1. Given the structure, is Ala155 among the hydrophobic types (A, V, I, L, M, F, W, C), assigned to a helix (DSSP H, G or I), loosely packed, with under 15 Cβ neighbours inside 10 Å and modelled with pLDDT of 75 or more?
2. Can you tell me which residue among Ile378, Ile442 is aliphatic (A, V, I, L, M) and at pLDDT 85 or above?
3. Right, Ser188: modelled with pLDDT under 90 and open to solvent by less than 30 Å² (accessible area, probe 1.4 Å) or not?
4. Give all pairs with beta carbons closer than 8 Å in which a residue from the stretch 302-325 that is without any contact (Cβ under 8 Å) to a residue 40 or more places away in the chain meets a residue that is basic (Lys, Arg) and open to solvent by 10 Å² or more (accessible area, probe 1.4 Å); count only pairs at least 6 apart in sequence or on separate chains.
5. Would you tally the residues in the stretch 353-389 being open to solvent by 70 Å² or more (accessible area, probe 1.4 Å) and in a helix (DSSP H, G or I)?
6. If you go through the stretch 263-277 one residue at a time, how many are without any contact (Cβ under 8 Å) to a residue 40 or more places away in the chain and either open to solvent by less than 20 Å² (accessible area, probe 1.4 Å) or out of contact with any strand residue (DSSP E or B) (no Cβ under 6 Å at 6 or more places or on another chain) (or both)?
7. Could you list all residues from the stretch 75-123 that are among the polar types (S, T, N, Q) and open to solvent by less than 10 Å² (accessible area, probe 1.4 Å)?
8. Is it the case that Glu325 is open to solvent by 10 Å² or more (accessible area, probe 1.4 Å), more than 18 Å from the chain's Cα centre (by Cα) and closer than 30 Å to Arg368 by Cβ?
Amino acid sequence: MSARHNVLVVDDEPKMQRILEIMLRDMQLDVLRAGNGKAALELVEREAVDLIITDMRMPVMDGIELVKALHEAGQATPVIVITAHGTIESAVTAMKHGAVDYLLRPFEVETVELAVRRALSLGRMTRENRFLREALAADWHDFIGRSGPMRELYALIGQVGPTDVSVLVAGETGTGKELVARAIHQASGRAGLFVPLNCAGIPETLLESELFGHVRGAFTGAQAERVGKFEMSDGGTLFLDEITEMPIELQTRLLRVLQERSIERIGSNRSIALDLRVIAATNREPKQAVAERALREDVYYRLNGFCIDVPPLRKRGDDVVLLAEHFLAAHARRFGKPAPALNAAARALLLAHTWPGNVRELDNLMGRAALLAPAVAIDVVLGRELGAQPAASLPAATMPAAPGEEDLRLQPQVDALEQRLILRALELAEGNKAKAARALEISERTLWYKLKKFDLS
């Protein structure tokens, strides 16, 4: 691992504390120790902790009570619980209260390492995106956007949220489909967890086990029982991102779960009843995905109890500036630096860009801008990154050449050529700016920006 992390081991047995400490230090992790849940809570208040590994049965405060207390205190630190064969149900209970995984005694070194790496990765992603979730949890009606398309989106969330209907969220990559799904879950009032699963991010051979869980010995390598995402979502919401990447054969099993609201773990014949809501998302047009057999038609109709289209950033108008200011402030806080202000030239660049990567692209760009500021002006950073240069940031060398001198400066020559091409495209398009933009292979917004820049309106 590239950075040192603090892992807190909570166990009333010093021998078990020592065993786990040795394993974790071999992984280049720093280890803290506590003998019960109460001592662990006191330590978390004093020290920065990236992961907690706790035993289930302890005096003073046991593992489940610790997980509940951390959740009630608003602590986002991931927790792994340790349990024996006879207390699997207790581990499931702990996970429903916020634990991210469990280790079944006796455990192998490889099992511990896999669970720890997975939990630390989850914790990192949680911290990186916390400012978005905090904004959403505070009031999802105000989650960074006041444009017409976003107001329509908020209204749809408000209508479908309090129901139990399945929802299909469609939208381009990076538009914030998971944020929409979280908002629906929060509006639902369901007491259980919001459990996300990226169907494209897990190998096909592991996806079934990840969803349904398995019993010990169900297949080669299944050394312990595992609770799947369906079970973890009981009482809450399961979010299946990129549903069209789920194998067709597995979609058949998903359909049965949606119909019967029950599952069987792999290798078991015991039926487990579930109370869960399913929200699925895709970056493809759903009906086209059905036609291309990437999505079963019956699964589509079962999921499509309500369909929400998330607008791309290019259709959200001035929201791009609001989002840019939000991301700049968040990244500046992360870097311990003052947030740079968006000047007029930077705003013009943001509004002119088509944002093929949508909100995710803007977030990453603002992160780089916050990191470089104030050494590099923000409009210069954006000009470099977006392949454009706003008029306000042109170098001072663009003064006219002296009489009798040949003008060898590059920028005026480029500007003159660009103006001639724009005028010619408009002439051929008979003044239709949309056609002219297509001929120039730029967005209509970029064309409007250049018309204003060169005073060609």
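1. Values: among the hydrophobic types (A, V, I, L, M, F, W, C): yes; assigned to a helix (DSSP H, G or I): yes; loosely packed, with under 15 Cβ neighbours inside 10 Å: yes; modelled with pLDDT of 75 or more: yes.
So Ala155 fits the description; yes.
2. Values: Ile442 fails: at pLDDT 85 or above.
Step by step, each of Ile378, Ile442 is checked, and only Ile378 is aliphatic (A, V, I, L, M) and at pLDDT 85 or above.
3. On the way: modelled with pLDDT under 90: yes; open to solvent by less than 30 Å² (accessible area, probe 1.4 Å): yes.
The answer is yes for Ser188.
4. Pairs found: Val321/Arg347.
5. 7
6. First, pick out the residues of the stretch 263-277 that are without any contact (Cβ under 8 Å) to a residue 40 or more places away in the chain: 269-271, 273.
Still in the list and also either open to solvent by less than 20 Å² (accessible area, probe 1.4 Å) or out of contact with any strand residue (DSSP E or B) (no Cβ under 6 Å at 6 or more places or on another chain) (or both): 269-270.
Residues flagged as without any contact (Cβ under 8 Å) to a residue 40 or more places away in the chain and either open to solvent by less than 20 Å² (accessible area, probe 1.4 Å) or out of contact with any strand residue (DSSP E or B) (no Cβ under 6 Å at 6 or more places or on another chain) (or both) within the stretch 263-277 amount to 2.
7. The initial filter retains those residues of the stretch 75-123 that are among the polar types (S, T, N, Q), namely 75, 77, 83, 87, 90, 93, 111, 121.
The one that is among the polar types (S, T, N, Q) and open to solvent by less than 10 Å² (accessible area, probe 1.4 Å): Thr83.
8. Numbers: open to solvent by 10 Å² or more (accessible area, probe 1.4 Å): yes; more than 18 Å from the chain's Cα centre (by Cα): yes; closer than 30 Å to Arg368 by Cβ: yes.
So Glu325 fits the description; yes.
The values are calculated or read from the model by the stated rules, or taken from the named source; none is laboratory data. Given the structure is predicted, the values throughout are model-derived calculations rather than measurements. Here the Cβ is made from the backbone with ideal geometry for all residues, glycine too, and neighbour counts use every protein chain on show. SASA here: full protein model, heavy atoms, side chains in, ligands and nucleic acids out. Shrake-Rupley method; radii C 1.70, N 1.55, O 1.52, S 1.80 Å.
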